[in-house]
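Any read-out appearing in this document is the output of simple, stated calculations on the displayed coordinates, not a laboratory observation. What you see is a predicted model; the values in this text were computed from it and never measured. Reconstructed Cβ throughout: ideal geometry from the backbone, glycine too, with neighbour counts over all protein chains shown.
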Amino acid sequence: MVTSPIMVAIDTTDRASALDLALETKESVGAFKIGLGLLHGPGPGLIGELASLGRPVFADAKLHDIPTQVERAAAALGQAGARWVTVHASGGRTMLAAAVAGLSDGSNGVAGVLAVTVLTSLDERDLRDIGIGEQPLHLVATMAGIAEWAGAEGVVCSPLEIAAVRRAAPTLAIVTPGIRPVDVGAEDQQRVATPQQALADGASWLVIGRAITAAADPGAAAAKIAASLIT
C-alpha cells in the first residue's frame, strides 16, 4: 500500500505524456495532480484514465465564479472521478459551500474540496499591487477559517503558512506546493521549503512537479524524494 505524501504535479498539456509520467512515477507517489493545461486540453476524461492506474487524482481546477457555476463544475469533476478539486477561497463562504455540495453530489460523497489560499508565486509586494494590504500569513489563516466553516477537506498553502493554518483550522488537511528539494531552484515560486521541512511542519500532502517531471528519469527522481522522506 502506497503511503507516500507526494502528489506529483503532472502539468503537461497532452494525454500521452501525462499517462507516461503517471506510469513512471506511480510506485513512489500517493496521488496524481493535474492542472489547467490538461483539464482544458485533453479534458476531464483524463481524470478517470489516471485514476485507473491506482492513485487518486487531484484536479487542480482552481474554480472561481458565482456559486451556481462553481457548484455545477465541481459536480462534473466529481463525476469524472476526481478525489480532490481546488476552489479559490477568495470566492467567499457561499461559493466554497456550493463547491463542497456540488463535489459531494457528483462523487457520491467521496471527494473533497481543497481551498486555494494565496498562490505560492505571490509575495507581499504582489498582494499590495492588487490592493491587498494583508500579509500572506494572516490572509492564509483567515481563508483557512472560511474553508473550514464551508466544509472543505483542506487548503492549499505554501509551506511557510502551515503552522498558521494548523492554528486557525486544525481539522483541515494541508496541501503544500512550493516544494523544492535542496538541489532544485525556486523558479517561479516565492514561498518554498524542502519536502522534509514541510512534512516536519505539519503538511499532509506535498505537491512536487518539476523536481520530478523535468528530471531525466522521473521515476527515479520520485523514488529518491520518497525515500528521503522515510524516517
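Summary table
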item: Distant-in-sequence amide H partners of ALA173 (H built 1.01 Å from N, under 5 Å); result: GLY154, VAL155
item: Expected 222 nm ellipticity per residue - DSSP helices of 4 or more, -39500 (n - 2.57), all of the chain, to 500; result: -12500 deg cm²/dmol
item: Which of PRO42, ILE174, ILE208, positive extreme of dipole for the stretch 6-228 (C-beta unit charges); result: ILE174
item: Neighbour-count ranking [beta-carbon atoms within 10 angstrom, fewest first] of GLU49, GLU161; result: GLU49, GLU161
item: Local electrostatic count at ALA115 - Lys and Arg +1, Asp and Glu -1, tallied over other residues with Cβ under 11 Å; result: 0
item: Estimated inter-spin distance, GLN197 and ALA76, nm [label 7 Å along Cα→Cβ]; result: 4.0
item: Two-site label geometry, SER90 and LEU229: point separation in nm, points 7 Å out along Cα→Cβ; result: 2.8
item: Relative counts (whole %) of C-alpha pair distances in the chain, using bins that are 10 Å wide; result: 9, 34, 39, 18, 1
item: Order of HIS40, HIS64, HIS88 - criterion: other Cβ atoms within 10 Å of each residue's Cβ, fewest first; result: HIS40, HIS64, HIS88
item: THR171, THR94 arranged by Cβ crowding within 10 Å, fewest neighbours leading; result: THR171, THR94
item: Dipole moment magnitude, nearest 20 debye, the stretch 26-162 about Cα centre, only Lys, Arg, Asp, Glu C-beta charged; result: 280
